[in-house]
Amino acid sequence: QVQLVESGGGLVQAGGSLRLSCAASGRTFSTMGWFRQAPGKQREFVAAVSRNSGSTRYADSVQGRITCSRANAKTTVYLQMNSLKPEDTALYYCAAGSQIPPTSSDSRYAYWGQGTQVTVSS
C-alpha cells in the first residue's frame, strides 16, 4: 500500500522557521516534492528533490528561504522553511512521482499526501 504522510506543520510567527517531513511507504519514488494551497487560490509548486541524485528544484517565490532535502534512506523528504511570511500560510502537500528531473507540474506527480497546515501570523 502506497502512502505519503506529512508532519511538522503548525502555527509560527512571521520570521520564524518550520521543518516539514514526508515519509513514503509501500515503494520508493524517483522524485518527491512539496506543493501548497491557500484558501481561494490554486495549488502551487514549492520544491522537489530527486531520490538518487539529490538534485532540487524550487519555486522562485521561496528560493533562498526554503530547502528541500532527502534523508539517507531516501524514503523521507524534508522542507526546511526559514524567514516565514504570512503569505506562506497554506496547506502543504507532499507528492511523489517518477519524473526525472524534478518538475513543477503537479500533473506529473501520481501520489499525494493529505497535507499539513502551516499558518504564519504577523
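The values are calculated or read from the model by the stated rules, or taken from the named source; none is laboratory data. Keep in mind the model is a prediction, meaning the values are calculated, not measured. Positions of Cβ are backbone-derived with ideal geometry, glycine not excepted, and every protein chain shown enters the neighbour counts. These area figures cover heavy atoms from the full protein model, side chains too; ligands, DNA and RNA do not enter into them. Shrake-Rupley method; radii C 1.70, N 1.55, O 1.52, S 1.80 Å.
Residues in segment 82-112, backbone N under 17 Å from the label point at T28 (7 Å along the Cα-to-beta-carbon vector): list them, ranges by number please. So the set is 96-102. For segment 1-59, the solvent-accessible area with a 1.4 angstrom probe is 51 square angstrom per residue.
What number, in percent, do you get for the relative contact order of the chain if the mean sequence gap of Cα pairs under 8 Å and at least 6 apart is divided by its residue count? Let's see the in-between values first.
On the way: 325 pairs, mean separation 43.2, N = 122.
Computed over the chain, the figure is 35 percent.
Placing R0 at 30 angstrom, the Cβ-Cβ distance between S53 and T119 gives a FRET efficiency of 0.35 after rounding to 0.05.
Hey, any idea what % of the chain's accessible area is carbon plus sulfur with a 1.4 Å probe? Don't skip to the answer; put the middle values down first.
Details: 2660 of 6170 Å².
Result for the chain: 43 percent of the exposed heavy-atom area is carbon or sulfur.
Do any trypsin sites (Lys or Arg not before Pro) in segment 1-99 lie in a loop, going by DSSP, with at most 11 other beta-carbon atoms within 10 Å of their beta carbon, and if so which? Write down the numbers at each step before the final one.
Details: sites: R19, R27, R36, K41, R43, R51, R57, R65, R70, K74; in loops: R27, K41, R43, R51, R65, K74.
Loop-located and lightly packed - R27, K41.
Need the full-extension length gain, Q3 to E87, defined as separation in residues times 0.36 nm minus the C-alpha distance. One decimal, nm. Walk me through the numbers before you get to the answer.
Values: separation 84, 0.36 × 84 = 30.24 nm, distance 2.86 nm.
Extra length from Q3 to E87 when fully extended: 27.4 nm.
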